[in-house]
Amino acid sequence: MTLEEWRTIFSAGTVVSITFAALNYWLARKKSRAESDLSKDKEICAQAIIALERSFKALTNGSENPIVPEASRLNWLTSARLIETFKKLKSELNTDLYKLVCSQHEEYWSHQFYLCLKDSIFQNQSYFQLKNQSLTKANIEPRSALVIFNFKQWQPDRKDPLANIKIEDYINDGYTLNGEMGLEYYIDSLKNS
């Protein structure tokens, strides 16, 4: 082999080595960025969940069970502010994993708020506004009530994960209804309706 051939082979080897090094560097950076995004989203998601838990406790005076909240302006304001904090934190999430985790917690806490706010007392203006009072500092602040009542609702653009479930798949799988006569009779009655 001539010297020129050796130089060509060495040059080609150098180009291949540089290409592999650049590719390796690029892949390592991409992996590092993905791990950084996951770590960041994990922290954001944890704080978002804490905001929802605190919001519920603020509205219910520290109760972890759905109860009719007292008509406390401060409790309603604090709860609404924490819901808004949750929304801001949730909007900062970038990874699908933590968006899903956060959405599941949101659905759970939305239901807890719904259970607290389903009482007929909320159909009366007197819960929100002291009798014979105009807009005073003692009344429930309207924006806080709107934020909280909005949060408890099923959002119209939210996709129901049960929408794609095929009932027949569960009925015919051979084990879901095994020993569940009440449910089986119920489903049969729906077929016959």
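The values are calculated or read from the model by the stated rules, or taken from the named source; none is laboratory data. What you see is a predicted model, and the numbers here were worked out from it, not measured in a lab. Methodologically, a virtual Cβ is constructed for each residue, glycine included, from the backbone with ideal geometry; neighbour enumeration extends over all protein chains shown. These area figures cover heavy atoms from the full protein model, side chains too; ligands, DNA and RNA do not enter into them. Shrake-Rupley method; radii C 1.70, N 1.55, O 1.52, S 1.80 Å.
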Original post:
Which number in (1) surrounded by fewer than 13 Cβ atoms within 10 Å (Cβ to Cβ); (2) under 13 Å from the mean Cα position of the chain (by Cα); (3) part of a helix (DSSP H, G or I) marks the one condition that SER103 misses?
Top reply: (1)
Original post:
When the residues of the range 43-77 are filtered to those that are surrounded by fewer than 17 Cβ atoms within 10 Å (Cβ to Cβ) and hydroxyl-bearing (Ser, Thr, Tyr), which remaining residue is farthest from ALA145 (Cα to Cα)?
Top reply: SER63
**OP:** Report yes if some residue within the range 139-148 is exposed (fewer than 10 other Cβ atoms within 10 Å of the Cβ) and part of a helix (DSSP H, G or I); otherwise report no.
**Re:** no
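Test of understanding: among LYS191, LYS159, which residue is open to solvent by 80 Å² or more (accessible area, probe 1.4 Å) and more than 28 Å from GLN112 (Cβ to Cβ)?
Details: LYS159 fails: more than 28 Å from GLN112 (Cβ to Cβ).
It is LYS191.
Each row is one residue, and each column tells you yes or no for (1) on the phi < 0 side of the Ramachandran plot; (2) among the polar types (S, T, N, Q); (3) at pLDDT below 90.
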site	(1), (2), (3)
LYS90	yes, no, no
THR95	yes, yes, no
SER103	yes, yes, no
TRP109	yes, no, no
VAL147	yes, no, no
ARG158	yes, no, yes
LYS191	yes, no, yes
Original post:
Of (1) modelled with pLDDT under 95; (2) surrounded by 14 or more Cβ atoms within 10 Å (Cβ to Cβ); (3) β-branched (Val, Ile, Thr), THR14 satisfies all except one. Which?
Top reply: (2)
Original post:
Taking the condition modelled with pLDDT under 95 and assigned to a helix (DSSP H, G or I), does ILE121 pass?
Top reply: yes
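Taking HIS111, is it closer than 24 Å to PHE56 by Cα and open to solvent by 80 Å² or more (accessible area, probe 1.4 Å)? Don't jump to the end; show me each part of the working.
Values: closer than 24 Å to PHE56 by Cα: yes; open to solvent by 80 Å² or more (accessible area, probe 1.4 Å): yes.
Considered against the rule, which asks whether it is closer than 24 Å to PHE56 by Cα and open to solvent by 80 Å² or more (accessible area, probe 1.4 Å), HIS111 comes out as yes.
I'd like to know if the range 173-188 contains one or more residues that are within 24 Å of GLU53 (Cα to Cα) and either open to solvent by 60 Å² or more (accessible area, probe 1.4 Å) or in contact with a Phe, Trp or Tyr (Cβ under 9 Å, 6 or more places away or on another chain) (or both).
In the first step, residues of the range 173-188 are kept if they are within 24 Å of GLU53 (Cα to Cα); the result is none.
No, the conditions are met nowhere in the range 173-188.
Out of LYS40, LYS30, report the one residue that is modelled with pLDDT of 85 or more, open to solvent by 90 Å² or more (accessible area, probe 1.4 Å) and either outside any helix (DSSP H, G or I) or not acidic (Asp, Glu) (or both). It would help to see each step written out before you state the result.
Values: LYS30 fails: modelled with pLDDT of 85 or more.
From the options LYS40, LYS30, the qualifying one is LYS40.
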Subject >> Index of the failed condition, SER63 passing every other in (1) among the hydroxyl-bearing types (Ser, Thr, Tyr); (2) at pLDDT 95 or above; (3) under 15 Å from LEU115 (Cα atoms) >> reply: (2)
